[in-house]
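Presented below is the structure to which this report refers.
Readers should treat all values here as calculations from the given coordinates under stated rules, not as data from a laboratory. All values derive from a computational prediction rather than experimental measurement. Cβ sites come from the backbone with ideal geometry, for glycine too, and all protein chains shown count toward neighbours.
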Amino acid sequence: MANLGNLTNTSEILQKYQFRMQKKYGQNFLIDTNILYKIVDAAQITKEDCVLEIGPGIGTMTQHLAEAAGRVIAVEIDKDLIPILEETLAPYDNVTLLHADILKVDLQELLEEHNEGKPVKVVANLPYYITTPIIMELFESHIPLISITVMVQSEVAERMQVGPGTKDYGALSLAVQYFAKPEVVARVPASCFVPRPNVDSTVIRLTRHTSPPVEVMDEGYLFAVIRASFNQRRKTLVNGLVNAGNLGVTKNQVEEVLEQMDISKTIRGETFTLERFAEFSNRLVLKRG
Ligand code: SAM
């Protein structure tokens with residue numbers, strides 16, 4: 001295979017197809033072979049694996065994934081990249097290329113159709129403008145998922161790992177830590193991409209827990225509570241929840257639960273650990289109308 005992980009070969013194919021980079025799609029293509037090896041290595045891919053790649057671009061990482069995995073499903077939104085991908089991925093008969101928006105795809109159906117509903121590993125150099133919605137969708141859709149190994153903005157990688165008491169702590173931290181164990185694989189400088197992004201990047205692996213670290217009665221409700229708590233950061237937890245308007249509890253009921261837990265009514269959500277949120281939402285579930 002012609003190695004696309006360098007500036008010369010990437011520029012050549014982009015020119016051949018007169019491709020114009022689309023900022024709106026978060027297009028920053030990898031041009032560093034070492035980083036590609038690191039990502040594929042960190043994802044621990046074997047011929048037994050099916051990999052879902054989000055945003056294959058010109059196929060730089062897809063080629064490495066196709067060499068390592070049994071099957072690769074690659075979903076790309078930009079129709080102008082499809083003819084390029086058809087050329088760069090032509091040598092591989094184990095790649096299924098789909099032209100679609102990953103946030104509009106029914107993931108269960110996709111995996112049912114292309115992988116008989118069996119578990120997948122997600123590997124991607126994610127488009128940064130939709131990193132959080134993609135990660136949330138992957139977890140909340142409950143597809144059979146082994147791990148997610150992705151390139152993200154360093155600041156987002158930080159948010160995925162932190163706990164209460166830091167400014168980066170939020171709904172993403174709690175969701176990631178509820179579903180998975182996050183581990184940083186590599187820091188990646190802007191010079192490894194074309195065009196260069198304005199931010200530093202990090203490869204992070206999220207290995208899905210076999211069972212969540214806390215027990216909750218209603219997972220959807222837990223995340224509704226968490227989102228409401230962080231929507232209005234400067235407000236108290238009580239006001240955040242009541243203002244959200246979708247939790248089916250009154251101000252009095254929220255205050256009662258806090259009292260049962262021996263917690264001040266003026267507490268802010270950002271001080272709660274995952275364990276606290278779990279207990280709090282379990283108690284609220286019992287009160288909701
Ligand atoms: N994987 C390539 C690489 O590493 O060089 C490209 C990575 S680039 C950061 C992100 C890719 O995601 C682009 O190819 C972009 O067109 C694609 N993309 C952006 N939004 C998408 C979406 N909603 N669904 C699927 N692909 C998307």
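If you run the Gaussian network model on the chain, springs between alpha carbon atoms under 10 Å, then out of 178, 169, 17 the most flexible one is 17.
The value of relative contact order for segment 24-77, using C-alpha pairs under 8 Å at least six residues apart, is 38 percent. For residue 180, nonlocal amide neighbours, meaning residues 5 or more places apart or on other chains whose placed amide H falls under 5 Å from its own, are 209.
Between the beta carbons of residue 98 and residue 118, assuming R0 = 22 Å, the FRET efficiency works out to 0.80 to the nearest 0.05.
DSSP loop trypsin sites (Lys or Arg not before Pro) in segment 25-125 with at most 14 other Cβ atoms within 10 Å of their Cβ, which ones? Loop-located and lightly packed - 47, 104. Across the chain, the mean sequence separation of Cα contacts (distance under 8 Å, 6 or more residues apart), normalised by length, yields a relative contact order of 15 percent. Phi-derived couplings, Karplus 6.51 cos²θ - 1.76 cosθ + 1.60 at θ = phi - 60°, listed residue by residue for segment 31-42: 10, 9, 5, 4, 5, 4, 4, 4, 5, 5, 5, 5 Hz, with x used for Gly and Pro.
Note on the chain: GNM, Cα springs under 10 Å; of 43, 244, 175, the largest mean-square fluctuation is that of 244. Backbone geometry of segment 99-114 corresponds, through the Karplus equation with coefficients 6.51, -1.76 and 1.60 at θ = phi - 60°, to 3J(HN,Hα) couplings of 8, 6, 8, 4, 7, 10, 7, 7, 5, 4, 4, 4, 6, 4, 6, 9 Hz, x marking Gly and Pro.
Available extension along the chain between residue 235 and residue 38 is 66.7 nm, counting 0.36 nm per residue and deducting the alpha carbon span. What the pair-distance distribution of the chain shows, using all Cα-Cα distances binned every 5 Å from zero, is 1, 5, 12, 15, 16, 14, 11, 9, 7, 5, 3, 1, 1, 0 percent. In a DSSP loop and with at most 16 other Cβ atoms within 10 Å, the trypsin sites (Lys or Arg not before Pro) in segment 147-245 are 167, 233, 234, 235.
Filter the GluC sites (Glu not before Pro) in segment 1-102 to those in DSSP coil with at most 10 other Cβ atoms within 10 Å of their Cβ, and list the result. Answer in residue order: 48.
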